[in-house]
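Written below as structure tokens is the structure these notes are about.
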Amino acid sequence: MGYDKIPRQKLPTSKKTKKWGEECVEAFIDLSNQGVGPHAKSSELKILYDYYNGVIDEGDYNYVLKPYGKSRKNFPSEMRNYPIIKPIIDLLLGEKSKRPLNYTVTVQNADSISEKENAKRDLIFKNLQQHFMQAVQQQGVDMGADPDQEVELPQHIASMFEQTYVDARAILGQKSMNYILQEQEVYDKVQKAWFHYLVSGEVYTHRGVRNSEPFYEVLNPLDVDYDLDPDLEFVEDGDWALIRKYVHASSVIDAYYESLSEQQVLELEEPRHQENDISFLYANHSGKNENTHRNRLLEVTTVYWKSRKRIGFLTYVDPETGVMEEKEVEDGFRMPQELKMEGASLEWFWVNEVWEGTRIDGRIFININPIPNQRLSLDNPSKCKLPINGRRYSDTNSSNISLVKLGIPYQLNYNIYKYRLELAIAKSKDIIASFDINMIPKKWDMDKFMYYIEGTGIAWVDYNKEGIQLNPQHQSVMDMSIKTIGQYIQLLESILQEWEKISGVSRQRQGEIGAYEGKASSQQAILQSSHITEDLFRKFERLEQRDFQALLDYSKEAWHTGKKTMYVMPDGTTDFLDIDSLSHMESNYGIFVSDAGKDQEKLTNLKGLTQAMMQNGAKPSTIAEMLDSDSFTEIKKNLADAERAQEQLEQAQQQAQQEQAQQQMEAAQMQKEADALEKEKDRQKDIEIALINAESKKDQEGHSLNLEKMIKDFEFKNRQLDLKEQELMEKARGNQAQEDNTKDSNQVRREDILSKLDIARENAKQRD
């Protein structure tokens, strides 16, 4: 049965009957089995897993063990497995667990760009307002602004906005993704998927909604088949895919009890002849299926395929708003007459729709219907995705190959040469001496003779023995050593080197550094090695991105009524998830997964600078955050924040230094003015005293003296000086010590002048 046997998919919903669904399920299962049988793929893949686990098939070595059609018995060697594939796979498994998984959720709605631009414009406008208010404030107009507050430059505000802006819906999507990854243990499951990818070259996952939660599971490559479209890269974009498992009847009832009728449950209890022997799937290492009950395992196959669906787009005028609206309607919709009269139009299209169906034990069909959670594009109603995703390493113009499959020839040869080496060592007897057995002394047995040879290094012989004549041929030396042992060791080393070159995992990458290898050469070898395997990581990480996108899409349907919960982050911190169903449903999320290889290289180089950063004054908390983080973007943001804080601190220190220098200049100027004032007061005092003395002298000569007027003039001038002094003191109020000193000095001078004036008055009275 080929594709021509698949029932017609372009049918109205009314004609997609139960019989039609069963025929579809049968057709896709037969298509999977066509030509090769249902277990041919499983047999091939199981060999790869056996090689990884060290299980060998002696049939692969018959040309060595049975070179002429007969088995070699009682040989001092046995064919064993000496793993050279497993260490390479295990190392790549470890590297994957250490690679950072950095993802970012974005919002691709049309209005998200305008919202961002509006937010940016508002922020810059507020910044310009602050600059304007400060400028006006400095001109003496009270604007309610702090003239000393530092305001960022507009270009810096714009730059910081681009670095820090995140749409509110994107934050919601990021939290949703964090919750899903933790609750579904996605990190551990991804590691399991990576193992399958390395061993078989194939990886498959199953995503959907269960119990109002998104679910994620990794499928065994032995259980999956799909449409091998030559241009198909990811399974979710294909036309069909199926999951085939073999389980007990009890497991079937556990999984499908809601869908099984009483009669169907009874049928599951009745043994049915299996056309295909599946015992090999569960055989032990001996190749024997010791548990005969497993023969009653039931085949359960779930098929997903894309069918066609007819939908319509109704265009009409909303009677309340008067705005033209468009609405999607299902197949079978009939336009009301009143809408026709109002000028409404209806246009029909055929689009894709994902269906599912399950066959149990080859005879029971259940759950045949469109899947309840369709992953549709907001821009294209026909673009839908299968719940199964996956990819093969080799997906173009060739059969698939895995790392294990590449290593099988090297593993075979390595085991053979090890076998030959063991044989050579067993046959090697080194250099031995031969003696005529008749030379053994009388009454000695062989054990005693060999004892003296080994203990003393001397072979005691009896030449007087009857029939013995001295003959040089009685003693000889034979070389029984095997010269090929060293050659076998060299061949084994050569195989390892070739395998490391093909796999891309060098010995330096495995931690084996030669005694004479420099640091630079070993680092270069590791770098070249990583370039070879990077394609494996890159292809797998693209699958991760697809799966994360699917989980976020399925969360919309799972949480269509909203979601509120607490969850724990990988670092032990807790976060709160509060989903608004409407906003979540209308958000067109996008997942961006960064290049983990480049991120890891950047992280390694950056973390290598921590010592230098500490020596240059970096805070210990900043260093700790760097060492603890697996995200280069996060570290870069933290360092930018720390750098910004350092710049602000330096600016504050510089401003403080400038203010201090200005204060020192002002203090020096005030001190200069104070000194000048003191000189002026001293000069005024001397003048007034001289005048008093002159007037006193005139009075003695008989002239009249107006002393009171002179004193009043002096006091007036002195008050003017005091006012000037007071003004100067107000300017210097910030320096209290200087103010106090100035006051004390002025008080002394004032008291000195008043004392001299009192003396002058007393002298004048005495003359009167």
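Set the bar at 32 Å for Cα to Cα. Now go through 385/501; 192/556; 383/501; 41/427; 340/385; 340/556 and name every pair that lies beyond it. Don't skip to the answer; put the middle values down first.
Numbers: 385/501 39 Å; 192/556 27 Å; 383/501 43 Å; 41/427 43 Å; 340/385 36 Å; 340/556 35 Å.
From the list (385/501; 192/556; 383/501; 41/427; 340/385; 340/556), the Cα-Cα distance tops 32 Å for 385/501; 383/501; 41/427; 340/385; 340/556.
Using amide H atoms built in the peptide plane, which far-off residues or other-chain residues are under 5 Å from residue 227 H to H?
239, 240
Order these peptides, 197-203, 410-416, 320-326, by their mean beta-carbon neighbour count within 10 angstrom, highest first. Before the final figure, lay out each step's value.
Working: 197-203: 25.1, 410-416: 19.3, 320-326: 8.6.
Per-residue Cβ counts within 10 Å, averaged per peptide and sorted highest first, yield 197-203, 410-416, 320-326.
Label points 7 Å out from Cα along the Cβ direction at residue 171 and residue 325: separation in nm?
3.2 nm
Please go through the residue pairs 86/189; 46/563; 66/448 and name each one whose alpha carbons sit more than 32 Å apart in this structure.
Too far apart for the 32 Å limit: 46/563; 66/448.
Suppose R0 equals 56 Å. What FRET efficiency, 1/(1 + (r/R0)^6) with r the Cβ-Cβ distance, do residue 567 and residue 490 give to the nearest 0.05?
On the way: r = 58 Å, r/R0 = 1.03.
Efficiency, rounded to the nearest 0.05: 0.45.
So how much slack lies between residue 459 and residue 255, counting 0.36 nm per residue of separation and subtracting their Cα-Cα distance, in nm? Show your work: numbers first, answer last.
Values: separation 204, 0.36 × 204 = 73.44 nm, distance 8.14 nm.
Here the answer is 65.3 nm.
Using a/c under 1.5 as the rounded threshold, could you call the stretch 530-582 rounded, prolate or oblate? The axes a ≥ b ≥ c are square roots of the C-alpha gyration tensor eigenvalues, and prolate needs a/b larger than b/c, oblate otherwise. It would help to have the intermediate numbers written out before the result.
Numbers: a/c = 6.04, a/b = 1.82, b/c = 3.31.
It is oblate, given that a/c is not under 1.5 and a/b is not larger than b/c.
How do 545-551, 328-334 rank on mean C-beta neighbours within 10 Å, highest first? Each step should come with its number before you reach the end.
Values: 545-551: 22.1, 328-334: 11.6.
By packing density, highest mean first, the sequence is 545-551, 328-334.
Figure the gain on full extension for residue 189 and residue 446 (residue separation times 0.36 nm, minus the Cα-Cα span) and round it to one decimal in nm. Present the calculation step by step, with values, prior to reporting the outcome.
Numbers: separation 257, 0.36 × 257 = 92.52 nm, distance 6.74 nm.
Fully extending the segment from residue 189 to residue 446 adds 85.8 nm.
Would you please give the FRET efficiency between residue 659 and residue 122, computed as 1/(1 + (r/R0)^6) with r the Cβ-Cβ distance and R0 = 30 Å, to the nearest 0.05?
Numbers: r = 33 Å, r/R0 = 1.11.
Plugging the Cβ-Cβ distance into 1/(1 + (r/R0)^6) gives 0.35.
Using Cα-only point scatterers and the Debye equation, what is log10 of I(q)/I(0) for the stretch 347-406 at each q in 0.12 Å⁻¹, rounded to two decimals?
Values returned for q = 0.12 Å⁻¹ are -0.57.
Once each part is reduced to its C-alpha centroid, what is the distance from the stretch 409-458 to the stretch 186-222 in angstrom?
Distance between centres, Cα-based: 57 Å.
What are the ³J(HN,Hα) values, in whole Hz, obtained from phi via the Karplus relation 6.51 cos²θ - 1.76 cosθ + 1.60 with θ = phi - 60°, for each residue of the stretch 85-90 in sequence order, with x given for Gly and Pro?
Whole-Hz 3J(HN,Hα) from phi for the stretch 85-90: 7, 4, x, 5, 4, 5.
So how much slack lies between residue 378 and residue 345, counting 0.36 nm per residue of separation and subtracting their Cα-Cα distance, in nm?
Working: separation 33, 0.36 × 33 = 11.88 nm, distance 2.18 nm.
Full-extension gain reported as 9.7 nm.
Roughly what would the spin-label model give for residue 62 and residue 406, points 7 Å off Cα along C-beta, in nm?
Using points 7 Å along Cα→Cβ, the separation is 3.0 nm.
Could you give me the percent of Cα pairs per 5 Å distance bin for the stretch 354-450, shortest bin first, beginning at zero and ending with the bin that holds the maximum distance?
2, 7, 8, 7, 7, 7, 8, 7, 5, 5, 5, 4, 4, 4, 3, 3, 4, 4, 3, 2, 1, 0
Every number here is computed from the coordinates shown, using simple stated rules; none is lab data. No experiment lies behind these values; they were computed from the predicted model shown. For neighbour counting, all protein chains shown are included, and Cβ atoms are generated from backbone atoms with ideal geometry for every residue, glycine included.
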